[in-house]
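K.L.:
My structure is below; once you've seen it, I'll send some questions.
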Amino acid sequence: MNHTLRSIYKSLLLVSVFLCLCVPARSAAPPSDFKVRAFYLDCRTQVMTVSAIKELASDLSKKEINTLLIEYEATFPFQKHATLCNQLAFSRSEVQDIVSYCTSLGIEVIPLQNCFGHCEYILRHDRYAHLREDSKEVSQVCPLKIEEAKKVFREIFREVAELHPSPYFHIGADETYLLGSCAQCSQVNKSRLFVDYIKAMCEVVKEMGKKPIIWADIILMHPEAVQELPKDLIYVDWNYGWEPDRFGKLDNLLKLGVKMWGAASLRSAPDNTYLTQWMKHFNNLATFLPFARAHGYEGMIETSWSTSGTYGFHYDNGWEIISMQPIRQVYPMSGFQLLIDAYCEAVN
């Protein structure tokens, strides 16, 4: 059997297994529908051309995907904060073209703009170093520097929101593992640090007339002050194939009656250029989507991470960061059509 036939056979086998896992029995009660059926586009280390994004959006729209969540990071065409833009940054007209084209297909584009953790591309610059939780660790904003952060992110949020008419605005807030690291923060409860900072960022989002969205992992880890978060905040429970309470008791959120979306994964750690755990991702769809439906989640996102968000750095004198190199890189998304199709089938 030649290489091509082996590849086709393996693909058909994987689809067969997936369908066996995912198709419910005819007698089963009908699950609730996902109002938001989203696909995630990560532009941090693998940047698609405008034409490629349009081609992807066209394909997704035919499969009833109605939302595209885009994390631009340094590829967004910032103006007041042009320092943040890298050499692959889109132009404003290109972003408008993407959003307009998706809208014509019935796909809403929601931007994700990190403002807490995963802020390496911002905090690496001297202009924003005063916001760091740790002077030599550039991943996280200090949550006690609320007023300074609001001044910066109010401008950043507005630039991003201006090109995205969606009523939703995702502010990230995942993996803030440096909580409580600095001398001042170490004196404050971690849930209090997280909640007070997120409340402030949500205020900025609401000033723009938008609905804020965050990842749910950190508030699940530190739930003591969760009741003080805005009642209209949307939480995204990202589960890539583990037990529901991996980050903390999910019931701490569900019992509050908050709006929940879920997120499965197309590419995630430890996937890299040489390894893709195909069955892990098929099983993720087969187990997590039914769970999310059963618990009334209103949306589902298929994430697709081009990197883990962990970097190595090239420093100049004075610890100025010259460049960032991702620790983990994965095979381009063009190689994952089978999993994309599986997600579209499962979410519908």
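The values are calculated or read from the model by the stated rules, or taken from the named source; none is laboratory data. The structure presented is a predicted model; accordingly, all values stated were derived computationally and were not measured. Here the Cβ is made from the backbone with ideal geometry for all residues, glycine too, and neighbour counts use every protein chain on show. Ligands, DNA and RNA are excluded from the accessible area calculation, which covers all protein heavy atoms including side chains. Shrake-Rupley method; radii C 1.70, N 1.55, O 1.52, S 1.80 Å.
K.L.:
What tally of residues in segment 99-119 results from selecting those that are in a helix (DSSP H, G or I) and buried (at least 22 other Cβ atoms within 10 Å of the Cβ)?
P.N.:
Qualifying residue count, segment 99-119: 1.
K.L.:
Then there's this: Exactly one condition in (1) in a helix (DSSP H, G or I); (2) in contact (Cβ under 8 Å) with a residue 24 or more places away in the chain; (3) open to solvent by 20 Å² or more (accessible area, probe 1.4 Å) is false for Phe247; which is it?
P.N.:
The failed condition is (1).
K.L.:
Right, next: Go through segment 296-313 and give me each residue that's open to solvent by 50 Å² or more (accessible area, probe 1.4 Å) and either at pLDDT below 90 or of a type in the set (Phe, Trp, Tyr) (or both).
P.N.:
Thr310, Phe313
K.L.:
In segment 259-276, which residues are open to solvent by 10 Å² or more (accessible area, probe 1.4 Å), of a type outside the set (S, T, N, Q) and out of contact with any strand residue (DSSP E or B) (no Cβ under 6 Å at 6 or more places or on another chain)?
P.N.:
Ala269, Pro270, Tyr274, Leu275
K.L.:
Do we have Gly318 as assigned to a strand (DSSP E or B) and surrounded by fewer than 20 Cβ atoms within 10 Å (Cβ to Cβ) here?
P.N.:
Criteria not met by Gly318.
K.L.:
Among the residues of segment 330-347 satisfying the criterion of being surrounded by fewer than 17 Cβ atoms within 10 Å (Cβ to Cβ) and among the small types (Gly, Ala, Ser), which is nearest to Lys62 (Cα to Cα)?
P.N.:
Result: Ser334.
K.L.:
Can you find a residue in segment 68-75 that is open to solvent by 30 Å² or more (accessible area, probe 1.4 Å), outside any loop (DSSP other than H, G, I, E, B) and modelled with pLDDT of 95 or more?
P.N.:
No: zero hits.
K.L.:
Mind counting the residues in segment 192-235 that are basic (Lys, Arg), touching a Leu at 6+ places or on another chain (Cβ under 9 Å) and surrounded by 15 or more Cβ atoms within 10 Å (Cβ to Cβ)?
P.N.:
Counting residues in segment 192-235 that are basic (Lys, Arg), touching a Leu at 6+ places or on another chain (Cβ under 9 Å) and surrounded by 15 or more Cβ atoms within 10 Å (Cβ to Cβ) gives 2.
K.L.:
For segment 28-60, what are the residues that are within 26 Å of His295 (Cα to Cα), buried (at least 17 other Cβ atoms within 10 Å of the Cβ) and either at pLDDT below 95 or among the hydroxyl-bearing types (Ser, Thr, Tyr) (or both)?
P.N.:
If the condition is that a residue be within 26 Å of His295 (Cα to Cα), buried (at least 17 other Cβ atoms within 10 Å of the Cβ) and either at pLDDT below 95 or among the hydroxyl-bearing types (Ser, Thr, Tyr) (or both), then Tyr40 is the only one that fits.
K.L.:
Given Trp242, Trp238, which one is open to solvent by 10 Å² or more (accessible area, probe 1.4 Å), within 27 Å of Phe336 (Cα to Cα) and in contact (Cβ under 8 Å) with a residue 40 or more places away in the chain?
P.N.:
Just one listed residue meets the conditions, Trp238.
Okay, residues lined up against (1) touching a strand residue (DSSP E or B) at 6+ places or on another chain (Cβ under 6 Å); (2) part of a helix (DSSP H, G or I); (3) under 22 Å from Lys249 (Cβ atoms); (4) of a type outside the set (A, V, I, L, M, F, W, C):
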site: Leu144; (1), (2), (3), (4): no, no, no, no
site: Ala173; (1), (2), (3), (4): yes, no, yes, no
site: Ile218; (1), (2), (3), (4): no, yes, yes, no
site: Gln227; (1), (2), (3), (4): no, yes, yes, yes
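K.L.:
Output the qualifying pairs, or none if there are none: Cβ atoms under 8 angstrom, residues six or more apart or on different chains, first residue in segment 133-147 and within 15 Å of Ser186 (Cβ to Cβ) and at pLDDT below 95, second residue among the hydroxyl-bearing types (Ser, Thr, Tyr) and open to solvent by 10 Å² or more (accessible area, probe 1.4 Å).
P.N.:
The qualifying pairs are Asp134/Ser181; Glu137/Ser181.
K.L.:
May I pose another question? Of the conditions (1) free of Cβ contacts under 8 Å to residues at least 40 places away in the same chain; (2) surrounded by fewer than 18 Cβ atoms within 10 Å (Cβ to Cβ), Leu123 fails just one. Which one is it?
P.N.:
Single failed check for Leu123: (2).
K.L.:
Looking at Ser186, Ser191 in this structure, which one is among the polar types (S, T, N, Q) and touching a helix residue (DSSP H, G or I) at 6+ places or on another chain (Cβ under 9 Å)?
P.N.:
After applying the criteria, what remains is Ser191.
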